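Reading through the structure tokens given below for one structure.
Coordinate-derived values only; no laboratory data. Everything numeric in this text was worked out from a predicted model, so none of it was measured. So basically every Cβ, Gly included, is an ideal-geometry build from the backbone, and we count neighbours across all protein chains shown.
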Amino acid sequence: MRSMVIFVWMMAIFIFTCTASFHELISSGVVRFHWDGHPRFSEFLVPYHLNGRLLLQKLGHSVVFQILTHLLLIKFKSKSTALIISASFAALTEVLQLYFTRGGRIFDIGFDLVGVFIAIGMASLFWNNQSKSFNVNKKPFY
């Protein structure tokens, strides 16, 4: 069941990132793909001119990948596995956006990774606190 939830979440990320018009998807629910066999890879390195609306959208990147990483942590119980899968999927979706006439940017991978690292940090705090509460008979390190 966990695998199915992860698969559905990853497919949702793919649809949201590769649909021809994110605005059209949000406003009217239309999912439309447009394939470009010859994308301009130079766009991958173009920086953004950040504004409030764009920052809100980038916050969405972080939250979406934070959720994905939490799901992967629950499934695999491994921070390194969750990190590798989440970071790889973040990079893949940004590169794929170039082929789907969207603006894939290396900058967006950074926002995705912020969410990944927040999830892993939260898991580390939880797992460390949890292990301390169960290891009461463990001798101190010093």
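Some observations on this one:
- Pairs of Lys in the chain closer than 27 Å at Cα, counting only those 8 or more apart or on different chains: 9
- Matching the structure-derived Cα extents along the principal axes in Å against the labelled list (i) 51, 46, 31; (ii) 61, 35, 27; (iii) 80, 31, 23 gives the label (ii).
- Calculated FRET efficiency for the pair Met122/His49, C-beta based, R₀ 30 Å, to 0.05: 0.45
- Projected label distance in nm at Ile74 and Phe33, using a 7 Å step from Cα toward the beta-carbon: 2.7
- Of the peptides 110-120, 24-34, the order by per-residue mean of other Cβ atoms within 10 Å, starting with the highest, comes out as 110-120, 24-34.
- For the range 86-128 and the range 1-21, distance of Cα centres in Å: 14
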